[in-house]
Amino acid sequence: MLGPMKHTVWVVALLSITVHADPKSKAPHGAKHIDIDYTWQSFSRDERHYKLDWNGAQYKSDKAKLVDGKLVAALYDALSTATREVPDELQCISHTDDYPAFTIKIDGDEPISITSRSNCHAYVPWNLKKDGKLYAQFDGNAWRALAPILAGLDGKWQANEPMASTSMGGEMVGLGQYARNGQSNNGDATACVRSFETDAQARQLFGDPIVIDEAAIGCDLGSSPDCSSDIGEARFALDGLDAQIDFACTNGTASIPQAAVATYRDLRKFLASKPVRTLVKHASADSRPRVWNNGSWSIEGDLNMPMLDWDPRGTTISARAMGRTIDPTFWRELGIDPKPLTKQENGYAELKAKLDFSGKLVK
């Protein structure tokens, strides 16, 4: 009886050992190690670093905090909406004096790298590098999945959200820059510039040839949340001025928005006016007056020359000059005596006047 009984006990014990010796559970997506690095710069500085390793059941951080593997699996799922392939990492700026930066590296069967250097809502766009390719995500899913992981590691993150909102617009994502000297060309900017310079409508509006000195391509998340509608700003010589002109560009193809066509036709009328031609004539040889649109057309020349502003809904040009003294050159060429129009206040002289397109005073 003792022999068979011992054998039975030995078999049961072996079975028991076999059950408890099952391989450890596999990490979500084979993610064995995770590094999370965060810095923030403003008038002060903050820096946080976390390391997580899979222990067979969950992640344990170097600060002895535990993270459920389901949260890492959710992060992988959230990254599935990073589908726009980009040549360079993208960044969104909505305000100054607040510069966060995230770098998350996950090692394992499906290695990925996630970065953000944006202060827009949900720190968008997030940049995802996997399989040697770089993608951008604009919907904020990466942050919504990352936030619970961070909240479990550090109390700082339990109520952290960047101070920005697309409801007010003003969240600009840079998609590329161009300079004719070739020093900062990246993204889609070069293709957009070449397309704009040869666009038939652009040449009809601005003349031929168009030679762009600088350009920037981006998108406003307030009007295009997925950054699918790109806008550009080009700077080039136009009728003796340095023109800053907005245009659209998608996948390297530039176009003039229909709503802007009439505005640009109005610009040529403004530039042909005697006040503008006079300003150009007396501009310094090494600095063209700058013209831009911010609801109305504005021209800014040398410090001793006035600023001109024209709202296309009206027929008069606003001219304003100020300084220690008022240079009479511009005014005298228009046949205007600046002295009766000049006011003195706190040691500074200021002259405001309304002019018609022939340069005459309008009262």
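How large is the helix-only mean residue ellipticity at 222 nm for the chain, computed as the sum of -39500 (n - 2.57) over DSSP H runs with n ≥ 4, divided by its residue count, in deg cm²/dmol to the nearest 500?
Values: 8 runs with 86 residues, N = 363.
Theoretical 222 nm ellipticity from helices: -7000 deg cm²/dmol.
Using 1/(1 + (r/R0)^6) with R0 = 41 angstrom and r between the beta carbons of GLU85 and ALA259, what's the FRET efficiency to the nearest 0.05?
Values: r = 30 Å, r/R0 = 0.73.
Efficiency for this residue pair is about 0.85.
Please work out the ratio of the alpha-carbon Rg of segment 307-363 to 2.2 N^0.38 Å and round it to two decimals. Show your work: numbers first, answer last.
Details: Rg = 11.6 Å, N = 57, 2.2 N^0.38 = 10.2 Å.
With N residues counted in segment 307-363, Rg over 2.2 N^0.38 Å equals 1.13.
In nm, what is the difference between 0.36 nm times the number of residues separating LYS360 and ASP98 and their Cα-Cα distance?
Values: separation 262, 0.36 × 262 = 94.32 nm, distance 4.86 nm.
Result for the pair: 89.5 nm of gain on full extension.
Straight distance only, please: which lysines reach the Cα of LYS274 with their own Cα at less than 16 Å, same-chain residues fewer than 8 apart left out?
Partners found: LYS354, LYS360.
What is the Cα radius of gyration of segment 107-205 over 2.2 N^0.38 Å, N being its residue count? Write down the numbers at each step before the final one.
On the way: Rg = 18.6 Å, N = 99, 2.2 N^0.38 = 12.6 Å.
Rounded to two decimals, the normalised Rg is 1.48.
Send over the semi-axes of segment 158-296's equivalent ellipsoid, whole angstrom and largest first, taken as the square roots of 5 times the C-alpha gyration tensor eigenvalues.
Calculated on Cα positions only, the semi-axes equal 29, 18, 16 Å.
Sort the following peptides by mean Cβ neighbour count (other Cβ atoms within 10 Å, averaged over residues), highest first: 334-341, 114-121. Walk me through the numbers on the way to the answer.
Working: 334-341: 13.8, 114-121: 23.0.
Ranked by mean Cβ neighbours within 10 Å, highest first: 114-121, 334-341.
Under the Kirkwood approximation for Rh and a Cα-based Rg, what ratio Rg/Rh is obtained for segment 105-163?
Details: Rg = 12.3 Å, Rh = 12.3 Å.
Ratio of gyration radius to Kirkwood radius: 0.99.
Between LYS343 and MET307, what length comes free when the chain is fully extended (0.36 nm per residue of separation minus the Cα-Cα distance, one decimal in nm)? Kindly include the intermediate steps, with their values, before the conclusion.
Working: separation 36, 0.36 × 36 = 12.96 nm, distance 1.65 nm.
Full extension of this stretch gives 11.3 nm more.
In nm, to one decimal, how far is the TRP40 label point from the SER223 one, both placed 7 Å along Cα→Cβ?
Inter-label distance under the simple model: 3.2 nm.
Ordering ARG313, ARG180 by accessible area with a probe of 1.4 Å, largest first, what comes out?
Working: ARG313 210, ARG180 145 Å².
Final ranking, largest accessible area leading: ARG313, ARG180.
In square nanometres, what is one fourth of the surface area of the convex hull spanned by the alpha carbons of segment 245-336? Don't jump to the answer; show the numbers that get you there.
Working: hull surface 29.8 nm².
Reported value for the Cα convex hull: 7.4 nm².
Counting only other residues whose beta carbon sits under 11 Å from that of SER255, what net charge do I get with K and R as +1, D and E as -1?
On the way: positive: none; negative: ASP199, ASP230.
In short, -2.
May I ask for log10 I(q)/I(0) of the chain at q = 0.09 Å⁻¹, from a Debye sum over the Cα atoms as equal point scatterers with solvent left out?
Per q value, in the given order, log10 I(q)/I(0) is -0.70.
The values are calculated or read from the model by the stated rules, or taken from the named source; none is laboratory data. Quick caveat: nothing in here was measured; it's all calculated off a predicted structure. FYI the Cβ positions are ideal-geometry reconstructions off the backbone, even for glycines, and counts take in every protein chain you see. Accessible surface is based on the protein model in full, side chains and every heavy atom, while ligands, DNA and RNA are left aside. Shrake-Rupley method; radii C 1.70, N 1.55, O 1.52, S 1.80 Å.
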